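J.: One structure follows; several queries about it will come next.
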């Protein structure tokens, strides 16, 4: 009987992968009218003006109130106490802009964790990082988790272009945050 | 641990010139290697297939419990224990005796803030820079002389590879998925330098990390790339320092208000500085004092928002902005052969923890 070749991953794998309990998705409001919107700004270049503009447009359109917060560390998911505060202070959260390897994954991870805390989230990432965002969502027990994308890059855009991008992604962001069915499939609309 | 060094370029080839080949079955070995590829475990190069007896030999080199967790990457929900680390070290081609060094290297790596953060996932694609000090260098047959950055020597080549395989397999960070390096760098997971203590005029590097001279230790930080400074042109040590300073200063690498570089000096440069009365601290202070740019120079590269000052404003046009401020940002290591005046500026990703980790071997119980 020959020796078995040992597995170096430290996980028990099967042909279908390791089973994880599915992460719950937060219930959506029917609309954003008058809602409290938390903006979680990840400090990447142009993330602030991008989310500022998304917030401004939502104020105009739905009369939302905004809370702005800067991510503690763009590269990793937010600590538990920050998640708790966000969940208390906000009806919905928008986070971004994930335009790097760690921060795109972290944006999705924050989304999944906040959803479990009952808060609908729209994470915005650039389209170069779809594989890493999807992989992180699956790791967090939310395979197929939906987010909004905008074309890469964002960091080098002029102020005008940033505002243009924010306006372009707005419908997708709204669609991610409200009861589905009224707007086109989110997370896919960016050309 | 044996003191015999049969590794490296000078190692004799086994005698297989006579008679039928009595060695292991190559067809079986190839099947085992392909099996490892098919499972997605490889970094691209062939792996050593690991059996339980080989794993046991690794685990026998340490007092640590095989179940002890030696590192975790919270953001991906994965961790690694001693057993899994040993399997990866064996797969990488390490000998069992290297395992205490792998464990020390991994502990040192996980002290790096950038490694615990998003370093392994980063678009910058950094590699660990592993520095080995002390008697273990000779005991295990590390290269401490020419060709310090490799290749040709089994411990130098396989120990950093072991670390890379742990990150790939135990943490699950795979290229194009959770690993998003734009270009990475040549030599990722291959950079392991054993300091040339014998020809260094200064204290061993691990002493700068808090481990006493004479104790085997490993120091690790992350690097994005490195660039040589070839200066065998002058007897004036200040000219050489200016030449190194010029390379440290390269604008392309600057993305934050502060940077960090390791100076891996060849023995010739190090001895020239020491002969002029300079300590490591003097070399570091030279760089701290002189490396930087004016606001205008940053602006010319479109990086006017890089030289951010503590008050939140940016360096003015003619204002000189220093890019280094503490010795910890300029680790100085001596490596390579004393055969030419060629040193290396190693660009650090983040900042070295400033601590070195002793190599702890299994306790030997004396028999009476």
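J.: Relative to the longest principal axis of chain A, what angle (0 to 90°, nearest 10) does the C-alpha long axis of helix A:130-139 take?
T.: Around 60 degrees separate the two axes.
J.: Roughly how many whole Å is it from the C-alpha centroid of segment A:37-70 to that of segment B:89-146?
T.: 43
J.: Ignore the peptide's own chain and count Cβ atoms of other chains within 10 Å of each Cβ in A:75-84; give me the average, rounded.
T.: Per residue, the average neighbour count from other chains is 2.
J.: Taking 0.36 nm per intervening residue step and subtracting the Cα-Cα distance, what contour gain separates residue A:167 from residue A:82 on full extension?
T.: On the way: separation 85, 0.36 × 85 = 30.60 nm, distance 2.78 nm.
Net length gain for the segment: 27.8 nm.
J.: Now for a different question. Over the Cα atoms of segment B:186-272, how large are the radius of gyration and the largest Cα-Cα distance (Dmax), in Å?
T.: Computed over the Cα atoms of segment B:186-272, radius of gyration and Dmax are 14.7, 39 Å.
J.: What number results when the radius of gyration of segment A:74-121, computed over Cα atoms, is divided by 2.2 N^0.38 Å?
T.: Working: Rg = 10.1 Å, N = 48, 2.2 N^0.38 = 9.6 Å.
For segment A:74-121, the normalised Cα radius of gyration comes out at 1.05.
J.: Would you mind ranking A:103, B:266, B:36 so that the residue whose beta carbon has the fewest other beta carbons within 10 Å leads the list?
T.: Numbers: A:103 31, B:266 28, B:36 19.
Ascending number of Cβ neighbours within 10 Å: B:36, B:266, A:103.
J.: Continuing with this model, one more query. log₁₀ I(q)/I(0) of segment A:1-140 at q = 0.22 Å⁻¹, via Debye over equal Cα point scatterers, no solvent, to two decimals?
T.: Evaluating at q = 0.22 Å⁻¹ gives log10 I(q)/I(0) of -1.37.
J.: Continuing with the same structure: Output needed: percent of Cα pairs per 10 Å distance bin for segment B:299-344, bins running from 0 to the one holding the longest distance.
T.: 20, 32, 23, 20, 6
J.: Answer rounded, prolate or oblate for segment A:57-191, using the Cα gyration tensor with square roots of eigenvalues a ≥ b ≥ c: rounded when a/c is under 1.5, else prolate when a/b is larger than b/c, else oblate.
T.: On the way: a/c = 1.27, a/b = 1.09, b/c = 1.16.
Taking the square roots of the gyration eigenvalues as a ≥ b ≥ c, segment A:57-191 is rounded.
J.: For segment B:226-368, just the Cα set please: Rg and Dmax, both in angstrom.
T.: Expressed in Å, the Cα Rg and Dmax of segment B:226-368 come to 18.5, 75.
J.: OK, next. Quick check: the angle from helix B:154-165's long axis to the longest principal axis of chain B, C-alpha only, nearest 10 degrees?
T.: Approximately 80 degrees, to the nearest 10.
J.: Kindly give the semi-axes, whole Å and largest first, of the ellipsoid equivalent to segment B:85-210, taking each as the square root of 5 times a Cα gyration tensor eigenvalue. If you can, show how the numbers build up before the last one.
T.: Working: eigenvalues 123, 51, 37 Å².
The three semi-axes for segment B:85-210 are 25, 16, 14 Å.
J.: Next question, about the same structure. Which residue, B:333, B:255, B:288, has the most motion in a Gaussian network model of chain B that connects Cα atoms within less than 10 Å?
T.: In the Gaussian network model the winner is B:255.
J.: I've got another one for you. With a bin width of 20 angstrom, please list the P(r) values of chain B as percents of all Cα-Cα pairs, from the 0 bin to the one holding the largest distance.
T.: Percent of Cα pairs in each bin: 27, 55, 17, 1.
J.: Nearest 5 is fine: what % of DSSP beta bridges in the protein assembly as shown come out antiparallel, could you say?
T.: Values: 28 of 53 bridges.
So the antiparallel bridges amount to about 55 percent of the total.
J.: Would the protein assembly as shown count as rounded, prolate or oblate if I go by the C-alpha gyration tensor, calling it rounded below 1.5 in a/c and otherwise prolate when a/b exceeds b/c, oblate otherwise?
T.: On the way: a/c = 2.42, a/b = 1.34, b/c = 1.81.
Since a/c reaches 1.5 but b/c is at least a/b, the shape of the protein assembly as shown is classed as oblate.
J.: Let me have the 222 nm mean residue ellipticity of chain A computed from DSSP H runs of 4+ only, each contributing -39500 (n - 2.57), with the sum over all residues rounded to the nearest 500. Please list the in-between numbers first.
T.: Details: 5 runs with 71 residues, N = 191.
Value at 222 nm, helices only: -12000 deg cm²/dmol.
J.: Moving to a separate point now. Rounded, prolate or oblate: which fits segment B:122-281, taking a ≥ b ≥ c as square roots of the Cα gyration tensor eigenvalues, rounded meaning a/c under 1.5, else prolate when a/b beats b/c? Working shown, then result.
T.: Details: a/c = 2.09, a/b = 1.28, b/c = 1.64.
Here segment B:122-281 falls in the oblate category.
J.: How much of the DSSP beta bridge set in chain B is antiparallel, as a percent to the nearest 5?
T.: Details: 28 of 35 bridges.
Taking every DSSP beta bridge with both residues in chain B, the antiparallel ones total about 80 percent.
J.: Taking neighbour Cβ counts within 10 Å as the exposure measure, how do B:294, B:62, A:88 sort from fewest upward?
T.: Details: B:294 16, B:62 21, A:88 11.
In increasing order of surrounding Cβ atoms, one gets A:88, B:294, B:62.
J.: Full-extension gain between residue B:183 and residue B:258, please, as 0.36 nm times their residue separation minus the C-alpha to C-alpha distance. Provide the component values of the computation, followed by the final result.
T.: Numbers: separation 75, 0.36 × 75 = 27.00 nm, distance 2.28 nm.
The residue B:183-residue B:258 span can extend by a further 24.7 nm.
J.: Going by C-beta contacts inside 10 Å, put A:152, B:176, B:293 in order with the fewest on the left.
T.: Working: A:152 15, B:176 10, B:293 22.
The most exposed by this proxy come first: B:176, A:152, B:293.
J.: Right, next: May I ask for the angle, rounded to the nearest 10°, between helix B:82-91 and the longest principal axis of chain B, with both axes built from Cα atoms and the value confined to 0 to 90°?
T.: The angle comes out near 90 degrees.
J.: Sticking with the crude label model, points 7 Å out along Cα→Cβ, report the distance from residue A:160 to residue B:250 in nm, one decimal please.
T.: Output for this residue pair reads 3.6 nm.
J.: Something else: May I ask for the distance between the Cα centers of segment A:88-127 and segment B:187-266, given as a whole number of Å?
T.: Using only Cα atoms to place each centre, the spacing works out to 40 Å.
J.: What do you get when you divide the Cα radius of gyration of segment B:14-105 by 2.2 N^0.38 Å, with N the number of residues? Could you put the intermediate results ahead of the total?
T.: Working: Rg = 16.0 Å, N = 92, 2.2 N^0.38 = 12.3 Å.
That works out to 1.30 for segment B:14-105.
Where a number appears in this text, it was derived from the coordinates with a stated rule and is not lab data. These numbers come from a predicted model, not from an experiment. Cβ sites come from the backbone with ideal geometry, for glycine too, and all protein chains shown count toward neighbours.
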